[in-house]
Amino acid sequence: MKSLKKLFFLLIIVGLIGAGVFYFRDTKAPELTMTPGSGSIAKKSTLLLSLNDEGTGIKTVQVFVIQGANRSPLLQRDFPPQTKVADLELDLSVLKLKQGGVQIEVNTTDQSVYHLGKGNSSQQLFSFTYDTRAPIISIRSKAHNFTKGGSGLVTFSLNEDVDKVGIQFGSYFFPAYLQDAGYYACLIAYPFNVKESEFVPRIVARDMAGNERQTGIYYRAKNKKFRHRKINISDRFLTQKIPEFDDLAPDETDPVKIFLYVNREVRQQNRDKIAEFSHQTSATPLWDGAFLRQPNAASLARFADYRTYYYKGKEIDKQVHLGQDLASVAQAGIIAENSGEVVWAEYLGIYGLCVIIDHGLGLQSLYAHMSQLEVQPGDMVTRGQVIGRSGATGMAGGDHLHLGLFVSGVPVQPIEWWDAHWLRDNIESKLK
Ligand SMILES: [Zn+2]
């Protein structure tokens, strides 16, 4: 009899422990995160609500949107048992919200029986600015004259902060940079290979909430014809260059094929690499007056010469020469055409040993085929400072300098930047 009683009490104790474990097995409230969790949002913004309950799983969620005295339900959801995680997209476009502050309230519970069966709950309030207005663009600069292959500057002001601002046409985008005086400066190119009908620059500004405005500018675009040139590739040139190109075209053995691989594939890779440097630019101009032409240098190949390459009288390739070739004496001192910061000083494929200098606002100069470099990346150089010696490294038949100028990675003709009048009328007067 005594032992039966003992067993009975033992069962009750085990039962109580079991019930206790069941009751206390999940005392942790669900976790909730909102992305974004603050800042500016717009009608078309998507907010991602993530729920997570490692214990018994999520049971319910309710979302309310509060603006002033209005508290509107946005979402109500019940989850099946064992739902440990849930990602929900909140669509604000179903509500009529006004410009200004808005709060989003999230209430969620789990499947636990804790708190006398109510389970654990979390409540969180997220504060945002509801922004329905696109930035207002006020154009400051006048006289936007562009020549095919050349550069130009547009300045404008905005009435709010933006996460994207610049000028676009076709697949081109030129970033604008905020100046100390509070306006934006955008240096653009009229690319040598873009048709007049496709060159329609528009300012684009997108605010933090994603509202975007586009505005056209008044401009005049001048066409320019470029030269056509024949280039004969001799066996002498190939014999001289193949050892240097061998590393660039490891899969080819035929000299003409090696040349073609370097002239096409490596050329394109090098241009892509130069375009990447355009992001490493100063937001304010680093240049100082007109660009300097290399002293005593004769002009050889020009910007945007359309070249047809021949080997033993047969056409083998076509490329466009996107720089200005200048030559004086062998191993001539090469000067920085203007002040700026060195972003590259190393070997780069067809350009051989070369230097790239950033002048700010996306404007960069390239000095190619050099025999010796006297600067390093990170060096600040001044207009006229010697940066190395000319040579014939890379795709060069003889000692000369290939000078390239780029606006946000797009090649432009250097001749405008050498001209103090052009610079004053088209650039510097707009930066005052
Ligand atoms: Zn060249």
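Over the chain, what relative contact order in percent results from Cα pairs under 8 Å that are six or more residues apart? Result for the chain is 12 percent.
With charges only on Cβ, +1 for K and R and -1 for D and E, what is the dipole size of the range 174-235 about its Cα centre, in debye, rounded to 20? Write out the running numbers ahead of the final one.
Working: 11 positive and 6 negative charges, 111 e Å.
Using only the charged Cβ atoms, the result is roughly 540 debye.
So which trypsin sites (Lys or Arg not before Pro) in the range 204-295 pass both tests, a DSSP loop state and at most 11 other Cβ atoms within 10 Å of the Cβ? Sites meeting the loop and neighbour criteria: K225. Of all lysines in the structure, those lying under 28 Å Cα to Cα from K314, and not within fewer than 8 positions of it along the same chain, are K225, K230, K241, K257.
Based on Cα coordinates alone, diagonalise the gyration tensor for the range 137-222, multiply each eigenvalue by 5, take square roots, and list the semi-axes in whole Å, largest first. Could you put the intermediate results ahead of the total?
Working: eigenvalues 99, 39, 21 Å².
Value: 22, 14, 10 Å, ordered largest first.
With a Cα cut-off of under 24 Å and a minimum spacing of 8 residues unless on different chains, the lysine pairs in the range 27-130 number 10.
With Cα atoms defining each centre, the range 170-200 and the range 267-340 are spaced 21 Å apart in the structure.
By the count of neighbouring beta-carbon atoms within 10 Å, fewest first, M208, M380 end up ordered M380, M208. Relative to the longest principal axis of the Cα atoms of the chain, helix 235-246 runs at roughly 20 degrees. Loop-resident trypsin sites (Lys or Arg not before Pro) (DSSP state other than H, G, I, E or B) in the range 294-354 with no more than 10 further Cβ atoms inside 10 Å of their Cβ: K312. Shown for the range 248-385 is the translational diffusion coefficient from the Stokes-Einstein equation, using the Kirkwood radius over Cα pairs, a temperature of 20 °C and a viscosity of 1.002 mPa s: 130 µm²/s. For A221, the shell of other residues with beta-carbons less than 9 Å away shows a net charge of +2, using +1 for Lys and Arg and -1 for Asp and Glu. Against the main long axis of the alpha-carbon atoms of the chain, helix 2-24 sits at an angle near 40°.
Rounded to the nearest 20, the size of the Cβ-charge dipole of the range 137-222 about its Cα centre is 480 debye, with Lys and Arg at +1 and Asp and Glu at -1.
Sum up the charges of everything whose Cβ sits under 13 Å from the Cβ of G340, counting Lys and Arg as +1 and Asp and Glu as -1, but leave G340 out.
Numbers: positive: R383; negative: D288, E337, E341, D358, D379.
Overall, the nearby charge balance is -4.
Backbone amide hydrogens, once placed in the peptide plane, bring L363 within less than 5 Å of S408, excluding anything fewer than 5 places away on its chain.
Neighbours of P295 by Cβ distance under 13 Å: Lys/Arg scored +1, Asp/Glu scored -1, total +1. Panel order for H359, H115, by other beta carbons found within 10 Å of each beta carbon, from fewest to most: H115, H359.
A short reminder: the numbers here are calculations on the coordinates, not readings from a lab. Given the structure is predicted, the values throughout are model-derived calculations rather than measurements. Reconstructed Cβ throughout: ideal geometry from the backbone, glycine too, with neighbour counts over all protein chains shown.
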